[in-house]
Amino acid sequence: MKYSFVFLFLLFSFTLVGQKEFFFQEMDSIKIGYRSGGTQLDSIDASFIGQLTLRPGAGFGQLYENNLAENTFLSPAGLAYISSEKRVTPKFSGLPYLGFQYAFGSYLTQNLNVEYHQFLNPNTHFHFRYNRRTSNGFLRNGDYTLNDLDFKFYHAKNRFTTHFEGYYAAHDIAQNGGIASDSLLKDFAIEFTPVIKDQSRSKVRKLDLKWDNYLRMVGDSAIGSGFKTKHQFKIRGREFVEQLLDLSAVDTFFIDTNGTTRDQYQTAKFSNGAGVYFNSPHFKVDATVNYQYWRNQNLGVNRDTNEVYLHSNLWTSLGARLSLKNEFYFNLIGATGEIKNYSNLNFKMLRNLTIKGKLNFENLYPTPFQRFHTSNYYQWKIDDLEMQQKLQAGGALKFGDTAFIEASVLWTSINNGRYFIDEQWRQDTLDLVSMGALQLKGGFQLGQWSFYPTATLRFNSANFNYQPVFSTMNRISFQTKLFEAQKLGIALGADVGFQSGYNVMEYNGVLGVMQLPSNPLKTESLLRLNAFMALSIDEFRFFLKAENISSFINDPETRIDTNYPIMPFLIRAGITWDFFN
């Protein structure tokens, strides 16, 4: 036992290199010339509307397989469909700042993003973000409403510092199961195509409250040490409801044999911790011992566990050019041996040359949802729990600012992973899998013309071939000022791209996970074509975008999933507006 504590002390003191600076999280600094999304006029549409798909919730603005190396690491349970969360990144501004982004389009598609940042004084500030995405849906029974709200508050006075963050997400999604037939796709609008399920829906609710407090006992605000307390409450819940009109579509009912389904579960976690910290201008570290209680409730059946774990943050810098960050977690009791470690490096080698890197590792037991679950169509209980190991390494090299070239690589490896295969959770099928992506992108200007090329080459182990090997997306734009006063800016441009064929995954709407299909389906290569126009007058900017023009060229029966075809033509218009003071 003595040697174990020595080992953990060495980990805290030397091995860990940087995750989150505990007094101030990584913060952008903005000036009065800043515009929403931090983008140029010819890129305002790409900053927040995403790439919609026909999977439920419009794919949450991405094609899952295009970002496989990132999604598989973020996924809390197998190949969870909902992985990323819309959080606020604190921004420093001398004046109160409000950024407003809104877009609407075909099929009553709407995107809203609002950010607010204010420093009441150097030691008291708060940051807020609200993101909302809705649509009537592109297929029948395809509507969705996605809400993410995040608030952060920081305050320091004398010897006491407190940080509070509250995050809430509400996702209401129709679950149509995909198309029942593709016979109408070539001749009729996609909304006429029949779907597999007409009366299925899911609701996801998330709440995450964090509260950290620091009491300085020795030193001053620049160099000091003292005690830290750490508190957190998290709850995740999902409900799936369905009324089957054709009972023959399901082989086994575990609860409601008349086809009426209401599957529901939620996991709540509550933790409190205390420890010590040390703070200096170029080195900050904290370490806490935490007690956590979690309870999983599934259709009235409760299961709970008590845990004790260690947690540490470390941040260090060498001048203004190099910073290292690390977050560490080690479970002592309850899930003994669980480890998480997230490391990040940021090195500004030259004025216009930046290097970034990250190394993340997890060794975790399956989530409560994977361990036991009872629903109308599925039920399982896993007693012999085995940990799954995830390793992710990534880096980027960027030269330039407005005109730039950037190379990045991301690689993820999963050993002993648990996936949903053949209607059950399996941890004995794929053993070690790995996937990654190498991307080159840039921004170049030639007079009033701008070029933004992007090319991505992906690689993976032979047993996990579920991503396009190659894709490219290239934006060409022309910008100028109109009229004598030169106040009205205009940008015109187009996106031209290509994506190679790949083996698709299947979306399981009953469980809300991506699953590996029993019979692999390979989609065809696709061309991609969009066109846009953007206007600006000072802080106000407007855009009009014609998306998926390539749908008139590509075969409409091409799939991105076993049951979901490619997106139809879509028109969206939007504005961004920035307010200071």
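Here the range 114-193 has an Rg and Dmax of 21.8, 71 Å, counting Cα atoms alone.
Dividing the Cα radius of gyration by the Kirkwood radius, what Rg/Rh value follows for the range 205-256?
Computed over Cα atoms, the ratio is 1.53.
Taking all protein chains together and rolling a 1.4 Å probe, LEU318 ends up with roughly 120 Å² accessible. Label separation (ALA180 vs GLN448): 5.4 nm, computed from points 7 Å beyond Cα along the C-beta direction.
Run the dipole for the range 400-498 about the Cα centre, Lys and Arg Cβ at +1, Asp and Glu Cβ at -1, nothing else charged, and hand back the magnitude in debye, nearest 20.
So the dipole magnitude of the range 400-498 works out to roughly 320 debye.
Each residue, ILE333 and GLN264, gets one label point 7 Å from its Cα in the Cβ direction; the gap between the two is 3.4 nm.
Across the range 73-84, coupling constants 3J(HN,Hα) worked out from phi with the 6.51/-1.76/1.60 Karplus curve, θ = phi - 60°, read 7, 6, 4, x, 8, x, 9, 4, 6, 9, 10, 7 Hz, and Gly and Pro carry x. A simple charge model with +1 on the Cβ of Lys and Arg, -1 on the Cβ of Asp and Glu and nothing else charged puts the dipole of the range 498-581 at about 100 debye relative to its Cα centre. For the range 52-200, the alpha-carbon radius of gyration amounts to 1.35 times the rule-of-thumb value 2.2 N^0.38 Å expected for a compact globular protein. Of all alpha-carbon pairs in the range 143-299, indicate the percentage at a distance above 21 angstrom. The calculated P(r) of the range 143-299 puts 65 percent of pairs beyond 21 Å. With a threshold of 24 Å on the Cα-Cα distance, the over-threshold entries among LYS228/LYS269; LYS152/LYS228; LYS31/LYS441; LYS206/LYS522 are LYS31/LYS441; LYS206/LYS522. Bridgeable aspartates and glutamates around LYS487 (alpha carbons under 18 Å apart, same-chain partners fewer than 8 residues away excluded): ASP42, ASP538, GLU539, ASP578. Each other residue within a Cβ distance under 14 Å of ASP187 adds +1 if Lys or Arg and -1 if Asp or Glu, for a net charge of -3. Ligands, DNA and RNA left out, the accessible area of the range 439-581 computed with a 1.4 Å probe is 63% carbon and sulfur.
Evaluate 2.2 N^0.38 Å with N set to the residue count of the range 364-422, then give the Cα radius of gyration divided by it.
1.88
Expressed as a whole percent, the accessible area of the range 105-226 that falls on carbon and sulfur atoms is 58 (1.4 Å probe). For the range 25-149, averaging the sequence separation of C-alpha pairs within contact (under 8 Å, six or more residues apart) and dividing by the residue count gives a relative contact order of 22 percent. When the Cα gyration tensor is reduced to axis lengths a ≥ b ≥ c, the ratio a/c is 1.5 or higher for the range 232-324, and with a/b above b/c it is classed as prolate.
The residues of the range 142-275 present an accessible area of 49 Å² per residue when probed at 1.4 Å with all protein chains retained. Using the Cβ-Cβ distance between ASN463 and ARG303 with R0 set to 30 Å, the FRET efficiency works out to roughly 0.35. Calculate the translational D of the range 77-123 in whole µm² s⁻¹ from Stokes-Einstein, where the hydrodynamic radius comes from the Kirkwood formula applied to all Cα pairs, the temperature is 4 °C and the viscosity 1.567 mPa s. My calculation gives 93 µm²/s for D. D by Stokes-Einstein for the range 331-488, Kirkwood Rh over Cα pairs, 37 °C, 0.692 mPa s: 167 µm²/s.
Extension gain, SER500-PHE579: 0.36 nm per intervening residue step, less the Cα-Cα distance, totals 24.2 nm. Spin-label model, TYR102/PHE192: points 7 Å from Cα along the beta carbon direction are separated by 3.4 nm. Once you reduce the range 169-205 and the range 239-282 to the center of their Cα atoms, the two points are 22 Å from each other.
Divide the volume of the convex hull around the Cα atoms of the range 471-549 by the residue count and you get 128 Å³ per residue. Other residues lying with their Cβ under 15 Å from the Cβ of ASP198 contribute a combined charge of -1, Lys and Arg counting +1, Asp and Glu -1. In whole percents, the pair-distance distribution calculated for the range 50-107 from its alpha-carbon pairs, binned every 5 Å from zero, is 4, 13, 19, 19, 14, 12, 12, 6, 1.
Taking the Cα centre of the chain as origin and assigning +1 to Lys and Arg Cβ atoms and -1 to Asp and Glu Cβ atoms, the resulting dipole is close to 1960 debye. What the Cα convex hull of the range 274-374 gives, in volume per residue, is 125 Å³. For the chain, the mean projected area of the C-alpha convex hull, equal to one quarter of the hull surface, is 27.8 nm². Kirkwood analysis of the Cα pair distances in the range 398-527 returns a hydrodynamic radius of 18.0 Å. Each listed q (0.18, 0.21, 0.34 Å⁻¹) maps to a log10 I(q)/I(0) for the range 161-202 from the Debye sum over equal C-alpha point scatterers, namely -0.64, -0.75, -1.12.
The values are calculated or read from the model by the stated rules, or taken from the named source; none is laboratory data. The structure displayed is predicted, hence computed values, not measured ones. Because the Cβ atoms are built from the backbone with ideal geometry, glycine has one as well, and the counts that use them run over all protein chains shown. We work out accessible area using only protein heavy atoms, side chains counted, and drop any ligands, DNA or RNA first. Shrake-Rupley method; radii C 1.70, N 1.55, O 1.52, S 1.80 Å.
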